[in-house]
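One structure below.
The values are calculated or read from the model by the stated rules, or taken from the named source; none is laboratory data. Keep in mind that this is a model prediction, so the values were computed, not measured. Quick reminder, even Gly has a Cβ in these numbers, built from the backbone with ideal geometry, and neighbours come from all protein chains shown. Accessible surface is based on the protein model in full, side chains and every heavy atom, while ligands, DNA and RNA are left aside. Shrake-Rupley method; radii C 1.70, N 1.55, O 1.52, S 1.80 Å.
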Amino acid sequence: MKTVHIIDALEAVQAAILANESQIESLDRAIGDGDHFINVRRGCDVLMAMRDELAPLAPGAAFGKIGLKLLSTIGGASGPLISSFFIAMGKTLAGIDEPERRQFAAAFADGVEAIKSRGKADLGEKTMLDVLIPVSRLLQRLAEENTPLPQVCEQLTAEAHRNMLATRDMTATKGRASFLGERALGHIDPGSKTCEVAITAVCDTWKEIA
Ligand code: ADP
Ligand code: MG
């Protein structure tokens, strides 16, 4: 994986987030405070403006820079969480010019661990982790098994989709939705939707990488 692939993925994520504006917005209006889409869009915009700055960096350094930038731009509960994901990925990939699939999978897992420890949350709490944890586990398994990339992307997209939908039937024990108790039932978690949209966009972009 090269930094140019990361930049391509960021562009695809931005487009996908914009295309899903109304759903992401209405989910956070239903069980949050309605700012999640704006928070995430601000993050996407700022990363797009950094393209030239990121291009000469190795992937680890690029992820580190992305994480620091997002810390000061996204805001909300999700800002520090998403930022910690990229910072942890950057640390794991530091000094590796062109990470291989297993190294990327390990970095992704470290990113997810960083979100878990920063948010003091785990599976089943109706947060973005309900998408990220299963996707990370599957990514690691498929990387170990050397599964061809198009199949990896297809399976990760399906896993993200299934687990995003599953948050509909959960009550929240973390984040703003936890104040709603059973009233959060029947609504998908906005952070899970954002992650599913982003993972799908990255998979669509990366499935053709040699
Ligand atoms: P805020 O809740 O401060 O308004 P956002 O609306 O940007 O922040 O983000 C809300 C999303 O953040 C939720 O949908 C959920 O997925 C995620 N989230 C909230 N708290 C946590 C946590 N402790 N751990 C992991 N994710 C969380
Ligand atoms: Mg919110």
(message) Looking only at the stretch 150-178, filter to residues that are farther than 24 Å from residue 108 by Cα and basic (Lys, Arg); which one of those is modelled with the highest pLDDT?
(response) 168
(request) Among the candidates 51, 42, single out the residue that is open to solvent by 50 Å² or more (accessible area, probe 1.4 Å) and free of Cβ contacts under 8 Å to residues at least 40 places away in the same chain. (result) 42
(message) With within 16 Å of ligand 2 (Cβ to nearest atom), crowded, with 18+ Cβ neighbours inside 10 Å, aromatic (Phe, Trp, Tyr) and part of a helix (DSSP H, G or I) as the only criterion, which of 86, 37, 63 stands out?
(response) 37
(request) Identify all residues within the stretch 94-138 that are open to solvent by 40 Å² or more (accessible area, probe 1.4 Å) and among the hydroxyl-bearing types (Ser, Thr, Tyr); write none if there are none. (result) 117
(request) Go through the stretch 72-101 and count every residue that is polar (S, T, N, Q) and in contact with an Asp or Glu (Cβ under 9 Å, 6 or more places away or on another chain). (result) 2
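Does residue 181 count as at pLDDT below 95 and on the phi > 0 side of the Ramachandran plot?
yes
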(request) Looking only at the stretch 176-210, count how many residues are closer than 13 Å to residue 31 by Cα and more than 17 Å from the chain's Cα centre (by Cα). (result) 12
(request) Please find, within the stretch 69-83, the residue that is farthest from ligand 2 (Cβ to nearest atom) out of those that are open to solvent by 10 Å² or more (accessible area, probe 1.4 Å) and outside any helix (DSSP H, G or I). (result) 72
(request) Return yes when residue 12 is open to solvent by less than 30 Å² (accessible area, probe 1.4 Å) and modelled with pLDDT of 95 or more and no when it is not. (result) yes
(request) Take the stretch 15-34 and flag every residue that is open to solvent by less than 50 Å² (accessible area, probe 1.4 Å) and either in a loop (DSSP other than H, G, I, E, B) or more than 16 Å from ligand 2 (Cβ to nearest atom) (or both). (result) 16, 20, 32, 34
(request) Just name the residue that is surrounded by the fewest Cβ atoms within 10 Å (Cβ to Cβ) out of those in the stretch 139-198 that are in a helix (DSSP H, G or I), free of Cβ contacts under 8 Å to residues at least 60 places away in the same chain and among the β-branched types (Val, Ile, Thr). (result) 157
(request) Given the conditions (1) under 15 Å from the mean Cα position of the chain (by Cα); (2) within 16 Å of ligand 2 (Cβ to nearest atom); (3) not hydrophobic (A, V, I, L, M, F, W, C), report the number of the one that residue 11 does not fulfil. (result) (2)
